[in-house]
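The values are calculated or read from the model by the stated rules, or taken from the named source; none is laboratory data. Keep in mind that this is a model prediction, so the values were computed, not measured. Using ideal geometry, Cβ is built from the backbone for each residue, glycine included, and neighbour counts are taken over all protein chains shown.
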Amino acid sequence: MTITRSILSMTLAGALLSALLPASRAAEPAEPAPPPWPKGYHVEMTITVAKTRWQPPMVVWIEDANGKYLTTLAVWSKKQNMKHLKTWWALTGGDAKPFAPVTSATRRAGVHQLVWDGLDKDKKPVPAGSYVVRIENTLEGKKNYNLKGPLLCADQPATAAVEIPEGSKIDSVASHYGPPPAKEEPPPGEYP
């Protein structure tokens with residue numbers, strides 16, 4: 001009889017507790033969902049590689065504002081040198097196979113363009129918000145440079161630049177977020 005009363009008391013207490021919990025949780029305001037990435041918007045990055053006698057291996061990737069890895073935009077390196085890009089290599093698990101589509105030879109001095117379409121590594125759209133562009137390069141596997149800069153990807157176009165440490169073999173990095181520029185129409189009677 002005592003066991004039956006204990007079980008009955010526990011059952012009633014559990015039912016009362018579960019009846020109260022949803023009501024108290026409903027009173028808490030729900031966090032609003034982040035706004036979606038605006039349709040047609042993307043990030044264009046312009047990276048100016050410095051003139052050197054040797055083109056350093058380099059990788060460009062995107063993280064969220066909390067430092068979570070989202071996607072790799074480019075790997076400019078021979079496969080055997082990727083492991084020298086230590087920060088990125090550790091972040092991505094040290095496997096070069098998934099990056100074959102974005103891997104190519106190191107870049108000569110000059111201006112190079114990259115575009116991020118707001119998709120993560122699984123090709124899923126990320127919400128509008130604050131992101132970080134990360135660039136790592138290495139000089140003969142001995143000295144690594146890690147650059148990072150903000151990307152504000154909200155409902156309005158924005159630009160940003162990355163601070164460049166001396167010796168990194170990069171002259172500048174600039175980004176523009178927004179819709180692609182409108183194509184200029186030729187004047188009437190002229191053909192492109």
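Some points to look at:
- Filtered residues of the stretch 64-110 (kept if in contact with a helix residue (DSSP H, G or I) (Cβ under 6 Å, 6 or more places away or on another chain) and hydroxyl-bearing (S, T, Y)): Y69, T72
- For the stretch 74-120, the set of residues classified as hydrophobic (A, V, I, L, M, F, W, C) and touching a residue at least 60 places away in the same chain (Cβ under 8 Å) consists of A109, V111, L114, V115, W116, listed by residue number.
- In the stretch 15-68, the residue that is nearest to R134 (Cα to Cα) out of those that are small (G, A, S) and either touching a strand residue (DSSP E or B) at 6+ places or on another chain (Cβ under 8 Å) or at pLDDT 95 or above (or both) is G67.
- Note on the stretch 170-180: residues that are part of a loop (DSSP other than H, G, I, E, B) and in contact with an Asp or Glu (Cβ under 9 Å, 6 or more places away or on another chain) total 1.
- Selection count, the stretch 113-129, where residues are of a type in the set (A, V, I, L, M) and either under 24 Å from K78 (Cβ atoms) or in a strand (DSSP E or B) (or both): 3
- Some residue of the stretch 93-112 being in a loop (DSSP other than H, G, I, E, B) and closer than 24 Å to P35 by Cβ: no
- If you go through the stretch 110-144 and keep only what is loosely packed, with under 13 Cβ neighbours inside 10 Å and among the aliphatic types (A, V, I, L, M), you end up with V111, V115.
Residue-by-condition table, conditions (1) modelled with pLDDT under 95; (2) not in a loop (DSSP other than H, G, I, E, B):
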{"position": "Y131", "(1), (2)": "no, yes"}
{"position": "Y145", "(1), (2)": "yes, yes"}
{"position": "P150", "(1), (2)": "yes, yes"}
{"position": "A160", "(1), (2)": "yes, yes"}
{"position": "S168", "(1), (2)": "yes, no"}
{"position": "P188", "(1), (2)": "yes, no"}
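- Criterion (among the hydroxyl-bearing types (S, T, Y) and more than 22 Å from E163 (Cβ to Cβ)) met by exactly one of Y41, Y69: Y41
- Subset of the stretch 170-186 [at pLDDT 90 or above and closer than 30 Å to A33 by Cα]: A174, S175, H176, Y177, G178, P179
- Cβ-Cβ distances below 7 Å connect the following pairs, each with a first residue in the stretch 136-150 that is under 12 Å from W61 (Cα atoms), a second residue that is assigned to a strand (DSSP E or B) and among the acidic types (D, E), and a separation of six or more residues or different chains: N146/E136.
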